[in-house]
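Step one of this worksheet: look at the structure below.
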Amino acid sequence: MRCGQCGTEFIPRGRHQKWCTPQCREANRRDRKAGKKVEPVPLRPVDGEAISAPRVIDAVRAELEAGGRQDTPAGRAALALAAAIDLGGQSGSSLAAMVRELRTTMAEAMLGAEIAGDPIDELKARREARLRGA
């Protein structure tokens, strides 16, 4: 993330942190108090291209829909966790905990789901069954 005052890249320690240091936060407060128009620093990488990362919620939704599990309680919990992960602003340890919980919730949500198999695996299974029966 980039600091809202100086534009320096930093890793926020909380969901709502906008400034890299207390000094930048105070400078921003003084500027606003003095009536200066404070322009937010755009969230862009150094080379000027827009940030576009794949979202976790899109991948989770696709997997749940493929298994027909998006409307189960565990499926909805997985979607809520994915949305929280995509929101960002968590500390490293809280993000790791959320990812572990998402993995567990997805495993629970996908229990009993019929997932389309690989055609090669299906052919191998048929061949093995035919060889056993012959």
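Some notes on this structure:
- Candidates A82, A66: the one that is in a helix (DSSP H, G or I) and out of contact with any Leu (no Cβ under 8 Å at 6 or more places or on another chain) is A66.
- Verdict on R44 being at pLDDT below 85 and assigned to a loop (DSSP other than H, G, I, E, B): yes
- If the condition is being farther than 17 Å from R15 by Cβ and surrounded by 14 or more Cβ atoms within 10 Å (Cβ to Cβ), then the range 69-100 contributes R69, Q70, T72, A74, G75, R76, A77, A78, L79.
- Close contacts from the range 83-106, counting a first residue that is modelled with pLDDT under 85 and among the small types (G, A, S) and a second that is assigned to a loop (DSSP other than H, G, I, E, B) and surrounded by 13 or more Cβ atoms within 10 Å (Cβ to Cβ), with Cβ to Cβ under 6 Å and a gap of 6+ residues or different chains, come to G89/P12.
The values are calculated or read from the model by the stated rules, or taken from the named source; none is laboratory data. Computed from a predicted model, the values in this text were never measured in an experiment. Counting neighbours? That spans all protein chains shown, and the Cβs are built from the backbone with ideal geometry, glycine included.
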